[in-house]
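In what follows, a single structure is set out as structure tokens and then discussed.
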């Protein structure tokens, strides 16, 4: 395949080339490997090389699925591949090898995808950047002095750099949407349970889910179709969509009532960057020009912030229970673990989970008069790499809240959320805007995002 043609196709386009016999999966793998060799040294996006396994999978014969032959990368956090390491950004697991595939990986392989490696994340996926003592720091292709975000930053950086057309990340408080915003990508957090998290039936007490990072809305929809489905022992099992998400993405979303909101949940101290605000307002005007009704209205977030903390803390505590030598954990993780013994105690977690229906009702009132909520994805553009190096847990946590206050409430509700590119700053850093939906309304968000994309409005430019 011509070296300059690979990046002109999204994942669906690459799969179509393979299906027509125009290229062989090995050619696509060669293109991905050559770009990784050229670009990853500067970006540190890929931390586990799976080229050997990828070539063996092609030689053995790929399933004739919708993603046959397309190279993919997986975030190195909970996404378990048989015969490969999953380090979770931690030095303690660099020699641990899985004896099975997670349900998502099984479905991705069944779709014919070729997994070429695993991507950089912070330790246990706790932060809005992708830096760890075990692997160093991932960098943003738009400006390597800045972070690609986190905790799925390595995956986002690799897609934005053209190494692969699509990757899979995870989102427990914005960890797909934040790096999508800071790398100029489409990033989808689907409905809780839409993509199985098995062998964890209730990842991070229901906060975390897997989602696609792509350069096109169509790719996000097709990837969601390929990955969607439940394991019999999953706690959350939403009903299947009435029609495939890819079909919904190509449809007319109709005239929607869109709430434009810059409010953040109570207790969060955050300053909105003027260029982020301006980009979100421009997107709102573009939506009006497309025939949608856009009015200012804020969700009533209530106690979404306090409800997040016990469940997130319990997730860290449960993850660390498998570790005997906790002295090798990063200092911030050790502090999170100490605090989690109180904040993540079962009484606190149970209180948090009992409060979720009331929080969902409270936030959900916005949908009595609106179909979609539009907010910035982050309050600020991507900060410099290492800006929190050596800082403690408290400084890192409060900074994360200040930079990224718009994402986490939808992890508490479990509802779908989608980042779309909304331009760049004067300094050339991408800006993202967030489309937020009610329960199981991924199709509506994808249709609206695709309409923006077709009109040439949604892009990092």
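Go through the stretch 154-181 and give me each residue that's under 17 Å from residue 128 (Cβ atoms), in contact with a helix residue (DSSP H, G or I) (Cβ under 7 Å, 6 or more places away or on another chain) and in a loop (DSSP other than H, G, I, E, B).
172, 173, 175
If I go through the stretch 75-100 residue by residue, how many of them are surrounded by fewer than 21 Cβ atoms within 10 Å (Cβ to Cβ) and modelled with pLDDT of 95 or more?
Final tally of qualifying residues: 0.
Let me confirm something: among 150, 187, which residue is within 24 Å of residue 449 (Cα to Cα), at pLDDT 95 or above, part of a strand (DSSP E or B) and touching a helix residue (DSSP H, G or I) at 6+ places or on another chain (Cβ under 7 Å)?
Criteria check complete, one pass: 187.
Collect the residues in the stretch 330-372 that are within 26 Å of residue 122 (Cα to Cα), within 26 Å of the chain's Cα centre (by Cα) and crowded, with 18+ Cβ neighbours inside 10 Å, keeping them in residue-number order.
Within the stretch 330-372, 330, 332, 333, 336, 337, 340, 343, 344, 349, 352 meet the criteria.
Quick check: anything in the stretch 241-250 farther than 27 Å from residue 455 by Cβ and touching a residue at least 12 places away in the same chain (Cβ under 8 Å)?
no
In the stretch 245-264, how many residues are within 16 Å of residue 226 (Cβ to Cβ) and crowded, with 17+ Cβ neighbours inside 10 Å?
Total satisfying the criteria: 4.
Among the residues that make up the stretch 22-39, is at least one of them at pLDDT 95 or above, under 30 Å from residue 384 (Cβ atoms), crowded, with 23+ Cβ neighbours inside 10 Å and touching a helix residue (DSSP H, G or I) at 6+ places or on another chain (Cβ under 7 Å)?
no
Scan 389, 426, 382, 402 and give me the residue that is crowded, with 20+ Cβ neighbours inside 10 Å and at pLDDT 95 or above.
Sole residue among the options that is crowded, with 20+ Cβ neighbours inside 10 Å and at pLDDT 95 or above: 382.
Please work out if residue 310 is more than 30 Å from residue 159 (Cβ to Cβ) and part of a loop (DSSP other than H, G, I, E, B).
no
Out of all the residues in the stretch 358-374, is one or more assigned to a strand (DSSP E or B), in contact with a strand residue (DSSP E or B) (Cβ under 7 Å, 6 or more places away or on another chain) and under 25 Å from residue 400 (Cβ atoms)?
Yes, the stretch 358-374 contains a residue that is assigned to a strand (DSSP E or B), in contact with a strand residue (DSSP E or B) (Cβ under 7 Å, 6 or more places away or on another chain) and under 25 Å from residue 400 (Cβ atoms).
Right, residue 360: at pLDDT 95 or above, within 17 Å of residue 130 (Cα to Cα) and in contact with a helix residue (DSSP H, G or I) (Cβ under 6 Å, 6 or more places away or on another chain) or not?
no
The values are calculated or read from the model by the stated rules, or taken from the named source; none is laboratory data. The structure displayed is predicted, hence computed values, not measured ones. All Cβ positions, even for glycine, are placed from backbone atoms using ideal geometry, and neighbour counts span all protein chains on display.
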